[in-house]
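Every number in this text was worked out from the coordinates using simple rules, so none of it is lab data. As the structure is a prediction and not an experimental result, all values here were calculated from the model. Counting neighbours? That spans all protein chains shown, and the Cβs are built from the backbone with ideal geometry, glycine included.
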Amino acid sequence: MSATLANDRRTLVLTGASRGIGHATVKRFSSAGWRVITCSRHPFPEDCPWEAGPEDHLQIDLADPADLEAGIAELKVRLGGGPLNALVNNAGISPKADDGGRLSSLTTDLQTWQQVTQVNFYAPIMLARGLLDELRLAKGSVVNVTSIAGSRVHMFAGTAYATSKAALASLTREMAADFAPLGVRVNAIAPGEIKTEILSPDTEKMLAPTIPMRRLGTPEEVAKTIYFLCTEQSSYVNGAEIHINGGQHV
């Protein structure tokens, strides 16, 4: 690859890249020639077929503010003062009760509230602010991944998760107003029921009839929308929250 082409290559920083929507997003952007820097609390898996993974993966525990701060510093080093075209805040956690059940507002302890809020709400804004110089250079885009659970009580998603996603939707609007004058667009996607490896067949059978399209979405369908929001095709889209749920929200 020539130096000119290397300098023209667009770059994405993606959190929560190890599975599901994150993994599909890596494949979508990589296939379009982007450099993808992935971040997760897990080390890079040795059996992953993505060749560029090991040198462009950063292990960060977003639940630890100090580790997040160190991770931002390392990301800036890896970007080398160059532009960052997109930041996708996909990482999110939704802890369960000891028996696997849903944690409600009556059963969620303070430590869980704090952990969920740190990962799902604080980390996105701290990453965006920490990488603002690089985003400004590229006139880049930030995409926050919220959830259908942020706008309705969900049968599986816990209260802390749902509340953090509702807050992230509000934060997206605030960021859109603050970042746009600096040349950076900020939007959100709100996935509904997406078919990933963590869903059981019984869960899919129970949920699909409640969705107008009568099926679950795929991670690839979500990744396509993320890609749209990170490219010039969405150059006048700012402060939006796009529902990706087959009409489940209507």
Low-density loop chymotrypsin sites (Phe, Trp or Tyr not before Pro), the stretch 165-248, at most 13 other Cβ within 10 Å, DSSP non-H/G/I/E/B, are Tyr236
A correct Karplus calculation of ³J(HN,Hα) over the stretch 181-188, with 6.51 cos²θ - 1.76 cosθ + 1.60, θ = phi - 60°, whole Hz and x for Gly and Pro, returns x, 8, x, 10, 8, 10, 9, 9
Per 10 angstrom bin, beginning at 0 and ending with the bin that holds the maximum distance, the Cα pairs of the stretch 163-250 fall in percents of 16, 39, 31, 12, 2
The value for the stretch 3-243 (convex hull of the alpha-carbon atoms, volume per residue, Å³) is 134
